[in-house]
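What follows is a single structure, and I will ask about it in a moment.
The values are calculated or read from the model by the stated rules, or taken from the named source; none is laboratory data. A quick note: this is a predicted structure, and the numbers were derived from the prediction, not measured. Methodologically, a virtual Cβ is constructed for each residue, glycine included, from the backbone with ideal geometry; neighbour enumeration extends over all protein chains shown. Side chains included, ligands, DNA and RNA excluded: accessible areas come from the protein's heavy atoms. Shrake-Rupley method; radii C 1.70, N 1.55, O 1.52, S 1.80 Å.
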Amino acid sequence: MRAAVLADGSFTVGEVPDPVPGPGQALLETVACGICGSDLSAVAHTEDFLAASRDSGTESFLFDPKTPLVMGHEFAARVISYGPGAVGPEPGTGVVALPWALDPAGTVRTVGYSNAFPGGFGERIVVQAAALIPVPGSLDPRHAALTEPLAVGFGNVARSGAGPGTPAVVTGCGPVGLGAVAALLERGAGPVVASDPSALRRAAARALGAHAVVDPAAEDPVARCAELAGPGVRPTVVVNCVGVPGMLNRLLHTVPRGTEILQIGGVMTEDTIRPVVGIYKDVTIRMCLTYPPEEFGGTLRRIAEGRIDAAALITGEAGYGGVDAAFAALRRPDDHIKVLIRPGLAGTALTTPH
(Lines give C-alpha, C1' and ligand atoms only; values in the text may rest on other atoms or scores of the structure.)
Protein backbone atom coordinates (compact mmCIF):
# COMPACT_ATOMS: atom_id res chain seq x y z
CA MET A 1 0.00 0.00 0.00
CA ARG A 2 1.02 3.64 -0.44
CA ALA A 3 1.95 5.60 2.65
CA ALA A 4 3.87 8.57 3.98
CA VAL A 5 6.77 6.83 5.70
CA LEU A 6 8.84 8.44 8.46
CA ALA A 7 12.57 7.76 8.25
CA ASP A 8 15.44 9.89 9.58
CA GLY A 9 13.08 12.66 10.71
CA SER A 10 11.25 13.28 7.44
CA PHE A 11 8.49 11.68 5.38
CA THR A 12 8.71 10.10 1.96
CA VAL A 13 5.97 8.53 -0.13
CA GLY A 14 6.51 4.85 -0.69
CA GLU A 15 5.08 1.35 -0.74
CA VAL A 16 4.87 -0.67 2.47
CA PRO A 17 3.34 -4.11 3.08
CA ASP A 18 -0.41 -4.19 3.57
CA PRO A 19 -1.34 -4.84 7.21
CA VAL A 20 -3.15 -8.14 7.75
CA PRO A 21 -5.90 -8.38 10.38
CA GLY A 22 -5.36 -11.05 13.01
CA PRO A 23 -7.94 -12.70 15.27
CA GLY A 24 -10.47 -10.16 16.53
CA GLN A 25 -9.17 -7.41 14.25
CA ALA A 26 -10.54 -5.30 11.40
CA LEU A 27 -8.88 -4.07 8.22
CA LEU A 28 -9.82 -0.48 7.35
CA GLU A 29 -9.37 1.84 4.39
CA THR A 30 -8.24 5.29 5.48
CA VAL A 31 -10.47 8.25 4.59
CA ALA A 32 -8.66 11.00 6.51
CA CYS A 33 -6.21 11.25 9.38
CA GLY A 34 -5.31 14.21 11.55
CA ILE A 35 -1.83 15.20 12.65
CA CYS A 36 -1.67 15.25 16.45
CA GLY A 37 0.54 17.37 18.67
CA SER A 38 2.04 14.15 19.98
CA ASP A 39 3.03 13.31 16.38
CA LEU A 40 4.93 16.60 16.20
CA SER A 41 6.66 15.77 19.48
CA ALA A 42 7.46 12.19 18.47
CA VAL A 43 9.21 13.42 15.33
CA ALA A 44 11.00 16.38 16.92
CA HIS A 45 11.93 14.59 20.16
CA THR A 46 12.04 10.93 19.13
CA GLU A 47 14.55 9.76 21.72
CA ASP A 48 12.76 11.59 24.55
CA PHE A 49 9.43 10.18 23.36
CA LEU A 50 10.77 6.63 23.41
CA ALA A 51 12.62 7.13 26.69
CA ALA A 52 9.37 8.26 28.34
CA SER A 53 7.68 5.12 27.09
CA ARG A 54 10.46 2.90 28.41
CA ASP A 55 10.78 4.74 31.74
CA SER A 56 7.02 4.51 32.36
CA GLY A 57 6.75 0.89 31.25
CA THR A 58 4.30 1.92 28.51
CA GLU A 59 4.99 -0.53 25.71
CA SER A 60 2.09 0.69 23.58
CA PHE A 61 4.11 3.69 22.34
CA LEU A 62 7.40 1.91 21.62
CA PHE A 63 8.69 1.62 18.07
CA ASP A 64 12.02 1.13 16.36
CA PRO A 65 13.13 4.55 15.05
CA LYS A 66 15.57 2.88 12.62
CA THR A 67 12.70 1.04 10.91
CA PRO A 68 10.25 2.92 8.64
CA LEU A 69 7.15 4.05 10.53
CA VAL A 70 3.68 4.98 9.24
CA MET A 71 2.20 7.40 11.76
CA GLY A 72 -1.37 8.62 12.32
CA HIS A 73 -3.86 7.72 15.06
CA GLU A 74 -6.63 10.33 14.53
CA PHE A 75 -8.39 8.62 11.67
CA ALA A 76 -11.71 8.07 10.00
CA ALA A 77 -11.95 5.04 7.72
CA ARG A 78 -14.14 2.46 6.01
CA VAL A 79 -14.33 -1.21 6.88
CA ILE A 80 -12.72 -3.54 4.33
CA SER A 81 -12.75 -6.93 6.06
CA TYR A 82 -12.19 -8.80 9.31
CA GLY A 83 -9.71 -11.26 10.74
CA PRO A 84 -10.62 -14.64 12.23
CA GLY A 85 -13.45 -14.50 14.75
CA ALA A 86 -13.98 -10.74 14.41
CA VAL A 87 -17.38 -9.16 13.88
CA GLY A 88 -18.42 -5.57 13.40
CA PRO A 89 -20.04 -3.11 11.01
CA GLU A 90 -20.59 -4.27 7.44
CA PRO A 91 -17.74 -3.75 4.95
CA GLY A 92 -18.00 -0.29 3.41
CA THR A 93 -19.28 1.26 6.64
CA GLY A 94 -17.59 4.48 7.72
CA VAL A 95 -16.02 4.17 11.17
CA VAL A 96 -13.78 5.75 13.74
CA ALA A 97 -11.89 3.71 16.29
CA LEU A 98 -9.83 3.91 19.42
CA PRO A 99 -6.37 3.49 17.85
CA TRP A 100 -5.19 0.25 19.40
CA ALA A 101 -4.40 -3.30 18.39
CA LEU A 102 -3.09 -6.40 20.12
CA ASP A 103 0.13 -7.91 18.82
CA PRO A 104 0.58 -11.71 18.75
CA ALA A 105 1.97 -11.62 22.31
CA GLY A 106 -1.16 -9.86 23.56
CA THR A 107 0.55 -6.49 24.09
CA VAL A 108 -1.53 -3.40 23.34
CA ARG A 109 0.05 -1.34 20.57
CA THR A 110 -0.97 2.15 19.54
CA VAL A 111 -1.74 2.33 15.83
CA GLY A 112 0.64 4.83 14.24
CA TYR A 113 3.29 4.39 16.96
CA SER A 114 4.08 0.79 16.04
CA ASN A 115 6.17 -0.59 13.20
CA ALA A 116 3.77 -3.54 13.05
CA PHE A 117 0.54 -1.50 13.00
CA PRO A 118 0.73 1.34 10.46
CA GLY A 119 -1.46 4.36 11.04
CA GLY A 120 -3.63 6.68 9.02
CA PHE A 121 -0.80 8.20 6.95
CA GLY A 122 -1.19 4.99 4.94
CA GLU A 123 -3.99 3.56 2.83
CA ARG A 124 -4.95 0.75 5.25
CA ILE A 125 -5.10 0.27 9.01
CA VAL A 126 -5.61 -2.70 11.33
CA VAL A 127 -7.36 -2.18 14.68
CA GLN A 128 -9.27 -4.31 17.14
CA ALA A 129 -12.80 -4.82 15.80
CA ALA A 130 -14.20 -4.12 19.27
CA ALA A 131 -12.88 -0.55 18.99
CA LEU A 132 -14.95 0.35 15.90
CA ILE A 133 -17.74 2.93 16.08
CA PRO A 134 -19.87 3.57 12.98
CA VAL A 135 -19.96 7.13 11.66
CA PRO A 136 -23.52 8.42 11.18
CA GLY A 137 -24.39 8.67 7.50
CA SER A 138 -25.21 12.36 7.84
CA LEU A 139 -21.65 13.22 8.92
CA ASP A 140 -18.81 13.92 6.49
CA PRO A 141 -16.25 11.23 7.41
CA ARG A 142 -13.44 13.78 7.21
CA HIS A 143 -15.04 15.65 10.09
CA ALA A 144 -15.30 12.40 12.05
CA ALA A 145 -11.49 12.30 12.07
CA LEU A 146 -11.65 15.02 14.75
CA THR A 147 -13.25 12.55 17.17
CA GLU A 148 -10.02 11.33 18.75
CA PRO A 149 -8.40 14.69 19.65
CA LEU A 150 -11.67 16.26 20.81
CA ALA A 151 -12.41 13.15 22.89
CA VAL A 152 -9.14 13.66 24.77
CA GLY A 153 -10.45 17.06 25.90
CA PHE A 154 -13.98 15.86 26.66
CA GLY A 155 -12.82 12.64 28.30
CA ASN A 156 -10.31 14.16 30.67
CA VAL A 157 -12.65 16.96 31.74
CA ALA A 158 -15.08 14.13 32.55
CA ARG A 159 -12.49 12.86 35.06
CA SER A 160 -12.24 16.24 36.77
CA GLY A 161 -14.36 17.90 39.43
CA ALA A 162 -15.65 20.55 37.01
CA GLY A 163 -19.35 21.22 37.34
CA PRO A 164 -21.87 24.08 37.30
CA GLY A 165 -20.21 27.33 38.32
CA THR A 166 -16.65 25.97 38.51
CA PRO A 167 -14.17 28.60 37.33
CA ALA A 168 -11.97 27.04 34.65
CA VAL A 169 -8.92 27.87 32.55
CA VAL A 170 -7.73 26.07 29.42
CA THR A 171 -4.15 26.75 28.34
CA GLY A 172 -3.44 25.76 24.74
CA CYS A 173 -6.30 25.81 22.22
CA GLY A 174 -5.39 23.15 19.74
CA PRO A 175 -8.11 20.55 19.12
CA VAL A 176 -7.56 18.90 22.52
CA GLY A 177 -7.81 22.22 24.34
CA LEU A 178 -10.83 23.25 22.29
CA GLY A 179 -12.45 19.94 23.21
CA ALA A 180 -11.78 20.80 26.85
CA VAL A 181 -13.36 24.25 26.40
CA ALA A 182 -16.48 22.67 24.90
CA ALA A 183 -16.58 20.02 27.63
CA LEU A 184 -16.35 22.56 30.44
CA LEU A 185 -19.13 24.64 28.93
CA GLU A 186 -21.27 21.51 28.47
CA ARG A 187 -20.88 20.84 32.19
CA GLY A 188 -21.92 24.38 33.12
CA ALA A 189 -18.49 25.47 34.33
CA GLY A 190 -17.78 29.15 34.37
CA PRO A 191 -16.24 31.48 33.85
CA VAL A 192 -14.24 29.53 31.26
CA VAL A 193 -11.10 31.34 30.12
CA ALA A 194 -9.14 30.05 27.12
CA SER A 195 -5.51 30.99 26.60
CA ASP A 196 -3.36 30.67 23.48
CA PRO A 197 -0.74 32.82 21.73
CA SER A 198 -2.46 32.16 18.38
CA ALA A 199 -5.20 34.59 17.37
CA LEU A 200 -6.67 31.87 15.13
CA ARG A 201 -7.01 29.46 18.02
CA ARG A 202 -8.33 32.13 20.40
CA ALA A 203 -11.03 32.90 17.83
CA ALA A 204 -11.96 29.20 17.70
CA ALA A 205 -12.29 29.11 21.50
CA ARG A 206 -14.47 32.21 21.43
CA ALA A 207 -16.68 30.63 18.75
CA LEU A 208 -17.19 27.64 21.03
CA GLY A 209 -18.48 29.96 23.74
CA ALA A 210 -15.48 30.62 26.03
CA HIS A 211 -16.36 33.48 28.35
CA ALA A 212 -12.98 35.10 27.75
CA VAL A 213 -9.94 34.45 25.59
CA VAL A 214 -6.48 35.79 26.36
CA ASP A 215 -3.06 35.99 24.79
CA PRO A 216 -0.77 34.68 27.57
CA ALA A 217 1.98 37.02 26.41
CA ALA A 218 -0.25 39.96 27.34
CA GLU A 219 -2.44 38.66 30.18
CA ASP A 220 -2.42 35.94 32.83
CA PRO A 221 -5.40 33.64 32.15
CA VAL A 222 -5.63 32.54 35.80
CA ALA A 223 -5.86 36.16 36.96
CA ARG A 224 -8.48 36.88 34.30
CA CYS A 225 -10.55 33.92 35.44
CA ALA A 226 -10.35 35.08 39.10
CA GLU A 227 -11.44 38.56 38.05
CA LEU A 228 -14.46 37.22 36.19
CA ALA A 229 -15.33 34.81 39.02
CA GLY A 230 -15.63 37.68 41.48
CA PRO A 231 -14.46 38.22 45.07
CA GLY A 232 -13.15 35.35 47.16
CA VAL A 233 -10.79 32.46 46.51
CA ARG A 234 -12.57 29.86 44.40
CA PRO A 235 -10.88 26.54 43.54
CA THR A 236 -10.44 26.36 39.79
CA VAL A 237 -10.07 23.59 37.24
CA VAL A 238 -7.11 24.25 34.95
CA VAL A 239 -6.67 22.12 31.83
CA ASN A 240 -3.08 22.50 30.70
CA CYS A 241 -2.77 21.40 27.08
CA VAL A 242 0.60 23.06 26.60
CA GLY A 243 3.65 20.82 26.27
CA VAL A 244 6.10 23.56 27.20
CA PRO A 245 8.60 23.20 30.06
CA GLY A 246 7.91 25.62 32.91
CA MET A 247 4.16 25.94 32.37
CA LEU A 248 3.16 23.53 35.13
CA ASN A 249 5.42 25.29 37.61
CA ARG A 250 3.98 28.68 36.62
CA LEU A 251 0.48 27.36 37.19
CA LEU A 252 1.43 26.05 40.64
CA HIS A 253 2.43 29.58 41.55
CA THR A 254 -0.61 31.37 40.12
CA VAL A 255 -3.67 29.13 40.64
CA PRO A 256 -5.98 29.62 43.63
CA ARG A 257 -5.83 27.39 46.66
CA GLY A 258 -7.55 24.02 46.15
CA THR A 259 -7.22 24.09 42.36
CA GLU A 260 -7.20 20.93 40.25
CA ILE A 261 -4.73 20.93 37.35
CA LEU A 262 -5.23 18.46 34.51
CA GLN A 263 -1.87 18.03 32.76
CA ILE A 264 -2.61 16.88 29.21
CA GLY A 265 0.20 18.59 27.30
CA GLY A 266 3.10 16.16 26.94
CA VAL A 267 6.38 17.82 27.91
CA MET A 268 8.96 15.59 26.23
CA THR A 269 12.00 16.93 28.07
CA GLU A 270 12.92 17.23 31.73
CA ASP A 271 10.93 19.88 33.59
CA THR A 272 11.23 21.50 37.00
CA ILE A 273 8.47 22.29 39.48
CA ARG A 274 8.56 23.50 43.07
CA PRO A 275 6.23 20.97 44.72
CA VAL A 276 6.02 22.73 48.08
CA VAL A 277 4.19 25.65 46.47
CA GLY A 278 1.46 23.30 45.34
CA ILE A 279 1.51 21.51 48.69
CA TYR A 280 0.94 24.73 50.62
CA LYS A 281 -1.94 25.59 48.28
CA ASP A 282 -3.44 22.08 48.38
CA VAL A 283 -3.28 21.80 44.60
CA THR A 284 -4.19 18.52 42.89
CA ILE A 285 -2.27 17.58 39.74
CA ARG A 286 -3.78 14.88 37.55
CA MET A 287 -1.58 13.55 34.76
CA CYS A 288 -3.91 12.67 31.90
CA LEU A 289 -3.66 9.97 29.28
CA THR A 290 -6.57 7.56 29.43
CA TYR A 291 -10.17 8.66 29.77
CA PRO A 292 -13.56 6.95 30.01
CA PRO A 293 -13.89 5.06 26.68
CA GLU A 294 -17.56 6.00 26.37
CA GLU A 295 -16.41 9.59 25.82
CA PHE A 296 -15.02 8.54 22.43
CA GLY A 297 -18.43 7.55 21.08
CA GLY A 298 -20.00 10.46 22.95
CA THR A 299 -17.70 12.89 21.18
CA LEU A 300 -18.57 11.43 17.78
CA ARG A 301 -22.26 12.01 18.62
CA ARG A 302 -21.53 15.61 19.62
CA ILE A 303 -19.88 16.20 16.25
CA ALA A 304 -22.67 14.46 14.31
CA GLU A 305 -25.36 16.43 16.15
CA GLY A 306 -23.60 19.75 15.55
CA ARG A 307 -22.91 20.43 19.21
CA ILE A 308 -19.30 21.05 18.27
CA ASP A 309 -18.34 22.27 14.80
CA ALA A 310 -15.48 19.96 13.85
CA ALA A 311 -15.40 21.25 10.28
CA ALA A 312 -14.47 24.73 11.50
CA LEU A 313 -11.34 23.33 13.12
CA ILE A 314 -9.97 21.76 9.92
CA THR A 315 -7.72 24.44 8.46
CA GLY A 316 -5.65 22.42 6.01
CA GLU A 317 -5.44 19.19 4.04
CA ALA A 318 -2.60 17.39 2.30
CA GLY A 319 -1.83 14.15 0.52
CA TYR A 320 1.02 11.83 1.40
CA GLY A 321 3.49 14.03 -0.46
CA GLY A 322 2.54 17.00 1.68
CA VAL A 323 3.10 15.52 5.14
CA ASP A 324 6.42 17.30 5.70
CA ALA A 325 4.82 20.62 4.70
CA ALA A 326 1.87 19.93 7.00
CA PHE A 327 4.15 19.20 9.96
CA ALA A 328 6.08 22.40 9.30
CA ALA A 329 2.86 24.42 9.08
CA LEU A 330 1.54 23.05 12.38
CA ARG A 331 4.69 24.26 14.11
CA ARG A 332 3.34 27.74 13.26
CA PRO A 333 0.13 27.72 15.32
CA ASP A 334 -0.93 31.12 13.99
CA ASP A 335 -1.63 29.38 10.67
CA HIS A 336 -3.47 26.18 11.56
CA ILE A 337 -5.60 24.28 14.07
CA LYS A 338 -5.98 20.82 12.51
CA VAL A 339 -4.49 19.47 9.29
CA LEU A 340 -5.84 16.27 7.75
CA ILE A 341 -3.86 13.84 5.63
CA ARG A 342 -6.01 12.31 2.87
CA PRO A 343 -4.97 9.42 0.60
CA GLY A 344 -6.60 10.83 -2.53
CA LEU A 345 -4.86 14.20 -2.61
CA ALA A 346 -1.94 14.60 -5.02
CA GLY A 347 1.12 16.81 -4.87
CA THR A 348 3.16 18.22 -2.01
CA ALA A 349 1.15 21.34 -1.21
CA LEU A 350 -0.94 22.02 1.85
CA THR A 351 -4.40 23.12 0.70
CA THR A 352 -7.44 24.77 2.21
CA PRO A 353 -10.24 22.25 2.82
CA HIS A 354 -13.40 22.50 0.69
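Among the numbered conditions (1) in contact with a Pro (Cβ under 7 Å, 6 or more places away or on another chain); (2) among the basic types (Lys, Arg); (3) surrounded by fewer than 14 Cβ atoms within 10 Å (Cβ to Cβ), tell me where LYS338 comes up short.
LYS338 satisfies all of (1) in contact with a Pro (Cβ under 7 Å, 6 or more places away or on another chain); (2) among the basic types (Lys, Arg); (3) surrounded by fewer than 14 Cβ atoms within 10 Å (Cβ to Cβ) except (3).
Quick one: how many residues across the range 217-275 are out of contact with any Gly (no Cβ under 6 Å at 6 or more places or on another chain), open to solvent by 40 Å² or more (accessible area, probe 1.4 Å) and not in a helix (DSSP H, G or I)?
Selection size over the range 217-275: 18.
What residue, among those in the range 159-180 that are over 24 Å from ARG257 (Cβ atoms) and among the hydrophobic types (A, V, I, L, M, F, W, C), is most open to solvent (accessible area, probe 1.4 Å)?
Restricting to residues being over 24 Å from ARG257 (Cβ atoms) and among the hydrophobic types (A, V, I, L, M, F, W, C), the top hit is VAL176.
Let me ask another. Filter the range 310-335 down to the residues that are within 24 Å of ALA199 (Cβ to Cβ), more than 18 Å from the chain's Cα centre (by Cα) and open to solvent by less than 20 Å² (accessible area, probe 1.4 Å) and list them by number.
Correct list: ALA318 only.
Yes or no: ALA52 aliphatic (A, V, I, L, M), touching a residue at least 60 places away in the same chain (Cβ under 8 Å), open to solvent by 50 Å² or more (accessible area, probe 1.4 Å) and within 24 Å of PRO149 (Cα to Cα)?
So ALA52 passes the test.
Only one residue in LEU345, LEU289 is open to solvent by 50 Å² or more (accessible area, probe 1.4 Å), over 30 Å from LEU50 (Cβ atoms) and assigned to a loop (DSSP other than H, G, I, E, B), so which one is that?
Being open to solvent by 50 Å² or more (accessible area, probe 1.4 Å), over 30 Å from LEU50 (Cβ atoms) and assigned to a loop (DSSP other than H, G, I, E, B) holds for just one of LEU345, LEU289, which is LEU345.
Could you tell me whether any residue of the range 249-269 is among the charged types (D, E, K, R), more than 23 Å from VAL13 (Cβ to Cβ) and touching an Asp or Glu at 6+ places or on another chain (Cβ under 8 Å)?
Within the range 249-269 (the criterion being among the charged types (D, E, K, R), more than 23 Å from VAL13 (Cβ to Cβ) and touching an Asp or Glu at 6+ places or on another chain (Cβ under 8 Å)), the answer is yes, since at least one residue qualifies.
Can you tell me which of SER138, SER198 is open to solvent by less than 20 Å² (accessible area, probe 1.4 Å) and either of a type outside the set (A, V, I, L, M, F, W, C) or in contact with a His (Cβ under 6 Å, 6 or more places away or on another chain) (or both)?
After applying the criteria, what remains is SER198.
Taking the range 201-216 as the search range and keeping residues that are in contact with a strand residue (DSSP E or B) (Cβ under 7 Å, 6 or more places away or on another chain) and open to solvent by 30 Å² or more (accessible area, probe 1.4 Å), which one is farthest from CYS36 (Cα to Cα)?
Among residues in the range 201-216 that are in contact with a strand residue (DSSP E or B) (Cβ under 7 Å, 6 or more places away or on another chain) and open to solvent by 30 Å² or more (accessible area, probe 1.4 Å), the one farthest from CYS36 (Cα to Cα) is HIS211.
Follow-up question, since we're still on this one. Name the residue that is nearest to GLY316 (Cα to Cα), counting only residues in the range 4-37 that are touching a helix residue (DSSP H, G or I) at 6+ places or on another chain (Cβ under 8 Å) and open to solvent by 30 Å² or more (accessible area, probe 1.4 Å).
Among those that are touching a helix residue (DSSP H, G or I) at 6+ places or on another chain (Cβ under 8 Å) and open to solvent by 30 Å² or more (accessible area, probe 1.4 Å), it is GLY37.
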